[in-house]
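Quick one: the structure is below, and I'll ask about it shortly.
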Amino acid sequence: MSARITLHEKAAKSIGRRHPWFFSGAIKSIKGSPEAGDILQVLTPEGQFAARGYWNPNSQIAIRVLSWQDENINRDFWLGRIRQAIHARGGQPVCRLINAENDYLPGLIVDRYGEWLVLQALTLGIDQRKQMLAALLAEELQPRGIYERSDVDVRSKEGLSEVTGVLWGEEPPDSIEITEHGWRLLVDIKTGQKTGFYLDQRDNRADLYHTLQTHPAEVVLNAFSYTGGFTVAGLAGGAQRVISLDSSEGALELAKQNVALNGFAVNDEDFVVGDVFATLRQYRDAGQTFDAIVLDPPKFAHNASQIDRAARGYKDINLFAIHQLKPGGLLWTFSCSGVISADLFQKIVFGALVDSGREGQIIRRLTSAADHPVALTFPEGDYLKGLVCRVW
Ligand SMILES: C[S@@+](CC[C@H](N)C(=O)[O-])C[C@H]1O[C@@H](n2cnc3c(N)ncnc32)[C@H](O)[C@@H]1O
């Protein structure tokens, strides 16, 4: 019989809300001698069955719930959850295939780039089972290879070090080509950021493209451009010039290749390696203005204690960007910090606008693409928020 954990009275609310995490402080007692990573029965304070989940005594999040049903967590269980997530993507060849807690598979991220899959094991419970999960994925999808990109900071909170490498099948080449909205894009799944590409911004790149069709822009600034997804969208949308600005030289090299691959001219001066904060100040000093600006910074706040500092950072870049927009110019501004709510983000952008002395309107609110579902029981999954603003 599997070990059992009984929860404290104070965890009753979380049980009722079916939140998939129980923190170490929520545990009243443990029966049996479970090993780290084992699957346990979770009992209510009254001793009734509540859930099954995996356990990590070395993590603050001691239990991650796999099922609220009294069912066996066996091969069929994992296969069922994987099939459910795959089915929900409707056969999209390039997508986030498994979105961890939001697909009821806590700690497991799988991105699909055509015939290649990239897996991230964020927790000990998943790390211990990743070979089995890769085999199930291979059986279902017959990829050429499954590459592991478990080189993420959060693993240290689970007592894990960073790992990358082939999990199943062939090793992918240094860059692979994907198609997004008909654009050809190169992705480096072995050493690029995240699993190689920011799939979550897919619909928002399309939003830029479609908007520019009806609101032509001559010069666009794509700040925090990474490999130029928004750059290609802007050029395809009819912009005469899109300046890609990022601190990563490697990402900008790939951005150049992506621009060329889509038949647009590559002008070296339109690929700027630099810090966005400093470069926006330089644009201010030089009086350089833009018809549209995209601001898609990295996560500024990783936890609640960083919110104030992050808010100042978001305000600064939005203020600088607003200053550099021509009257009637458009701003696509994003935050991927889960701890910054959509409401707070809007207040920050509002603060930047007021300080700039300009007038502005929200014309659209944006979020992540549909292959990044957010489980209603897991509000932490709702991290990406964006505003499209017109600035006068
Ligand atoms: C969220 S990603 C941008 C993703 C991109 N918009 C896309 O659609 O692929 C953030 C990017 O900001 C870059 N970055 C981080 N800090 C920066 C800074 N201070 N100045 C310039 N770029 C920075 C990173 O290298 C990364 O490429």
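What list do you get for ARG184, ARG52, ARG96 if you sort them by fewest beta carbons within 10 Å?
So the residues, fewest neighbours to most, are ARG184, ARG52, ARG96.
Related question: Between GLN240 and ARG312, what's the calculated FRET efficiency when r is the beta-carbon distance and R0 is 30 Å? Round to 0.05.
On the way: r = 34 Å, r/R0 = 1.14.
That gives a FRET efficiency of 0.30.
Could you work out [θ]222 nm for the chain from helices alone, using -39500 (n - 2.57) per DSSP H run of at least four and dividing by all its residues? Round to the nearest 500 deg cm²/dmol. Don't skip to the answer; put the middle values down first.
Details: 10 runs with 113 residues, N = 392.
Using -39500 (n - 2.57) per qualifying helix, the result is -9000 deg cm²/dmol.
How many nm separate the modelled label positions at SER24 and ARG365, each set 7 Å beyond the Cα in the direction of the Cβ?
3.8 nm
So which aspartates and glutamates pass the test for LYS157, namely a Cα distance under 19 Å, with those fewer than 8 places away in the same chain ruled out?
Cross-link targets: GLU35, ASP38, GLU101, ASP127, GLU148, GLU380.
Here is a further query. Describe numerically, in nm with one decimal, the distance between label points set 7 Å from Cα along Cα→Cβ at GLN60 and at VAL163.
2.5 nm
Quick check: residue separation of GLU249 and ALA36 times 0.36 nm, minus the Cα distance between them. What number comes out in nm?
Values: separation 213, 0.36 × 213 = 76.68 nm, distance 4.06 nm.
Gain in length upon complete extension: 72.6 nm.
To check you understand DSSP bridge types, tell me what percent of the beta bridges within the chain (both residues inside) are antiparallel, rounded to 5.
70 percent
Would you please give the FRET efficiency between ALA12 and ASN267, computed as 1/(1 + (r/R0)^6) with r the Cβ-Cβ distance and R0 = 51 Å, to the nearest 0.05?
Plugging the Cβ-Cβ distance into 1/(1 + (r/R0)^6) gives 0.25.
Distance between Cα centroids, region 22-99 to region 249-327: provide it in whole Å.
Between the Cα centres of region 22-99 and region 249-327 lies a distance of 40 Å.
Here's something else I'd like to know. Taking 7 Å along the Cα-to-C-beta vector as the label spot, tell me the GLN213-PHE350 distance in nanometres, rounded to one decimal.
It works out to 3.3 nm between the two label points.
Given a Förster radius of 35 Å and the C-beta distance between GLU177 and HIS87 as r, what FRET efficiency does 1/(1 + (r/R0)^6) yield to the nearest 0.05?
About 0.85, to the nearest 0.05.
Right, next: Determine the relative contact order of the chain: mean sequence separation of Cα pairs under 8 Å and six or more apart, normalised by residue count, in whole percent.
Relative CO of the chain lands at 11 percent.
Relative contact order for region 1-140: what is it in percent, counting Cα pairs under 8 Å that are at least 6 residues apart?
Relative contact order here is 18 percent.
Can you bin the chain into rounded, prolate or oblate? Criterion: square roots of the alpha carbon gyration tensor eigenvalues sorted a ≥ b ≥ c, rounded for a/c under 1.5, prolate for a/b above b/c, oblate for the rest.
Verdict is prolate for the chain.
Let me ask you something else. Is the shape of region 178-391 rounded, prolate or oblate, going by the alpha carbon gyration tensor and its root eigenvalues a ≥ b ≥ c, with a/c under 1.5 for rounded and a/b larger than b/c for prolate?
rounded
Report the extension gain between GLU380 and SER2 in nm, rounded to one decimal, defined as 0.36 nm multiplied by the number of residues separating them, less their alpha carbon distance.
Separation in residues times 0.36 nm, less the Cα-Cα distance, equals 133.2 nm.
Every read-out reported here was derived from the displayed coordinates using simple, explicitly stated rules and does not represent laboratory data. This structure is a prediction, so every number in the text was calculated from the model and none was measured. Cβ coordinates were reconstructed from backbone atoms using ideal geometry, including for glycine residues, and neighbour counts include every protein chain displayed.
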